[in-house]
Amino acid sequence: MLASMIYTMTLNPCLDRHLEVDDLVLDDANRIKQETRYPAGKGIDVSVVIAELGGHSTALGFVGGYAGLELEGMLINRGVHCEFTRISGETRTNIHIFNRATGHQTSLNASGPTIKDAELGALCHQLRHLDPEPDYLVLSGSVPKGVNAKIYQQMTSWMHEQKVRVALDSDGEPFREAVRMRPYLIKPNLHELSRYFETDLRSADVQEIAVRCHHFLELGVEMVVVSMGSRGLLVRTAEITLRARVPKVEVLSTIGSGDSVIGGMVCELARGGSLVDAVRQGAACGTATAMTPGTALCRSEDVHQLMQQVQVEPLDVIT
């Protein structure tokens with residue numbers, strides 16, 4: 001069976017610089033002991049994970065300036081096909097400083113460039129005329145300056161017209177607006193779910209979280225995937241609710257774990273795999289990413305090893 005065509009959309013990508021110092025001393029010069037650069041942004045992370053798993057996707061979004069060229073070159077070298085829209089502004093650079101003495105990390109995140117109307121128009125025209133036509137579109141991440149918060153809602157509407165399955169991973173107003181357009185899959189974490197329902201669900205039991213997921217099914221969402229950190233994944237559809245339990249690992253960084261879950265799941269679904277296999281692979285990818293430092297993502301060898309340890313079981317939901 002041929003794999004389905006996957007596109008990822010990253011409206012506000014970034015180039016991540018991960019710096020390590022022996023000890024961060026204020027008001028003094030600090031010598032960098034190690035520097036690593038990564039292409040980043042939630043949709044880009046999804047494409048990188050899919051490529052790591054041997055799958056194929058096309059990365060869409062805005063890039064500009066020297067940082068944008070470097071980001072695109074990094075992705076191409078990782079086997080990710082890119083069809084970005086060029087902008088006049090400079091792709092943002094985020095700086096993460098890891099203090100070896102304390103084990104703490106300080107992040108300096110840029111807001112990114114302001115997108116011009118013509119640049120947004122060019123990307124939207126591209127999205128409505130993709131060749132080959134998409135089967136899946138992953139919409140994830142923040143919305144840049146100059147772009148209306150309803151942009152994911154509009155994109156989801158266009159994809160409905162083309163019978164494309166949309167996977168949505170966003171937060172705040174962009175998520176609230178887009179979820180009304182019945183995306184195929186949504187993936188909130190417990191923090192994002194708490195903000196949506198305006199109540200703290202971070203320590204809620206799995207039954208309560210599963211009951212909350214029914215709200216999205218009533219809106220027309222086909223699959224709700226909730227990442228719960230060390231507690232694994234909860235996945236609910238109209239037919240079944242699944243709980244994925246993950247093994248205990250040494251967590252070095254959770255950055256990108258949620259993106260890795262989507263990458264793993266969509267990659268398996270696009271190959272025609274079962275929901276159980278998709279959930280198992282998604283949970284393994286998220287856990288494997290937590291085992292890597294900084295903003296590094298999962299390694300295929302770790303994913304394959306962890307998949308043997310992930311337990312996926314049906315959950316009876318008491319409503």
Here the percent of antiparallel bridges among DSSP beta bridges lying wholly in the range 6-314, to the nearest 5, is 45
GluC sites (Glu not before Pro) lying in DSSP loop within the range 160-268, provided at most 12 other Cβ fall within 10 Å: GLU198, GLU239, GLU250
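If you add up the charges near ARG86, with Lys and Arg at +1 and Asp and Glu at -1, over every other residue whose beta carbon is less than 13 angstrom from its beta carbon, what do you get?
Numbers: positive: LYS116; negative: GLU72, GLU83, GLU90, GLU119.
That sum, taken over residues with Cβ under 13 Å, equals -3.
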Calculated FRET efficiency for the pair ILE32/ALA110, C-beta based, R₀ 22 Å, to 0.05: 0.70
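Counting every Cα pair in the range 174-258, what percent are over 17 Å apart? Each step should come with its number before you reach the end.
Numbers: 1647 of 3570 pairs.
Percentage above 17 Å: 46.
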Where Rh denotes the Kirkwood radius from the mean inverse Cα pair distance, what is Rg over Rh for the range 1-151? 1.03
Straight-line reach only, C-alpha to C-alpha below 16 angstrom: list the lysines that LYS42 could link to, leaving out same-chain residues fewer than 8 apart. LYS187
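From the helices alone, meaning DSSP H stretches of at least four residues, give me the mean residue ellipticity at 222 nm for the chain, per-run term -39500 (n - 2.57), in deg cm²/dmol to the nearest 500.
Values: 10 runs with 115 residues, N = 319.
Calculated mean residue ellipticity at 222 nm is -11000 deg cm²/dmol.
Is the range 88-207 rounded, prolate or oblate when judged by the Cα gyration tensor, a ≥ b ≥ c being the square roots of its eigenvalues, rounded requiring a/c under 1.5 and prolate requiring a/b larger than b/c?
oblate
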I'd like the distance between the alpha-carbon centres of the range 132-162 and the range 44-108, rounded to an integer number of Å. 19
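Could you work out the Kirkwood radius for the chain, taking every pair of different alpha carbons, averaging 1/r and inverting it, reported in Å?
Values: mean 1/r = 0.0502 Å⁻¹.
Kirkwood radius, the chain: 19.9 Å.
All of the numbers you see were taken from the coordinates with simple rules; none came from a lab. Everything quoted here is computed from the prediction, not taken from an experiment. When we count neighbours, we look across all protein chains shown, and the Cβ atoms used for this are built from the backbone with ideal geometry, even at glycine.
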